[in-house]
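Any read-out appearing in this document is the output of simple, stated calculations on the displayed coordinates, not a laboratory observation. Because the structure is a prediction, the values reported are computed rather than measured. Cβ atoms come from the backbone with ideal geometry, glycine included; neighbour counts cover every protein chain shown.
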Amino acid sequence: MNYCSNCGAPVTLRVPPGDQRPRHVCAACGTIHYDNPRLVVGCVPEHDGQILLCRRAIEPRLGYWTVPAGFMENGETLQQAAARESYEEALARVEIGSLLAVVHVLHARQVHVFFRATLPAAEFGSGVESLEVELFAPADIPWSDLAFPSTEFALRRYFEDRAAGREPHHFTTIDRRLKPGGGSHS
Ligand SMILES: [Zn+2]
């Protein structure tokens with residue numbers, strides 16, 4: 001950030017009084033611009049034992065498969081966000097179920113939240129952000145062509161729990177920030 005979104009003056013990076021971290025602070029109007037993690041919300045929609053996946057028509061990870069998911073909007077609940085994203089990306093009217101997984105994606109400054117969901121009718125299509133949308137039997141999930149590690153985590157836990165007849169929720173952390181002097185490990 002270079003300029004204040006409140007008044008347009010240049011901002012500087014400094015630790016405000018009483019704070020512990022550097023923030024973008026406007027010297028003109030005094031606004032402190034906080035930069036906090038963003039919530040990405042999605043679900044694993046199941047219909048008749050099959051899972052609805054979308055192939056991404058947008059970057060990042062264009063052409064790879066994911067469950068319906070996207071950024072939460074102001075004024076909606078997590079469940080509403082998950083249902084809205086399913087309709088926008090897959091034209092699918094889902095019923096959101098129990099909490100499946102919370103994935104802290106530290107390098108992306110995001111928290112991904114996934115719910116179990118039911119797709120009552122096999123009615124779906126490609127939203128503008130999807131190249132194609134398909135129902136996959138568990139044996140046909142394109143594991144090597146999934147868009148994100150969080151997608152894989154959610155799907156693997158989903159199938160494990162379903163086989164066990166349980167609906168717990170799971171937490172995990174993914175951190176691909178480079179360690180100083182540690183080089184790159186992809
Ligand atoms: Zn300002």
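Worth pointing out:
Results for (1) of a type in the set (D, E, K, R); (2) under 20 Å from Asp175 (Cα atoms); (3) surrounded by fewer than 18 Cβ atoms within 10 Å (Cβ to Cβ), shown as yes or no for each residue.
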{"site": "Phe71", "(1), (2), (3)": "no, yes, yes"}
{"site": "Ala92", "(1), (2), (3)": "no, no, no"}
{"site": "Ala108", "(1), (2), (3)": "no, yes, no"}
{"site": "Val128", "(1), (2), (3)": "no, no, yes"}
{"site": "Ala139", "(1), (2), (3)": "no, no, yes"}
{"site": "Asp145", "(1), (2), (3)": "yes, no, yes"}
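- Residues of the range 26-36 that are within 11 Å of the ligand (Cβ to nearest atom) and either within 28 Å of the chain's Cα centre (by Cα) or surrounded by fewer than 19 Cβ atoms within 10 Å (Cβ to Cβ) (or both): Ala27, Ala28, Cys29, Gly30, Thr31, Ile32, His33.
- Residues located in the range 83-97, provided they are out of contact with any strand residue (DSSP E or B) (no Cβ under 9 Å at 6 or more places or on another chain) and not in a helix (DSSP H, G or I): Arg93
- Residue in the range 73-82 that is free of Cβ contacts under 8 Å to residues at least 60 places away in the same chain, more than 16 Å from the ligand (Cβ to nearest atom), of a type outside the set (Gly, Ala, Ser) and over 30 Å from Phe115 (Cα atoms) present: no
- Number of the condition not met by Arg21 [criteria: (1) loosely packed, with under 15 Cβ neighbours inside 10 Å; (2) within 14 Å of the ligand (Cβ to nearest atom); (3) basic (Lys, Arg)]: (2)
- From the list Leu100, Leu13, Leu39, Leu52, the lone residue that is in a strand (DSSP E or B) and within 16 Å of the ligand (Cβ to nearest atom) is Leu13.
- Taken together, the residues in the range 21-35 that are free of Cβ contacts under 8 Å to residues at least 60 places away in the same chain and in a loop (DSSP other than H, G, I, E, B) amount to 8.
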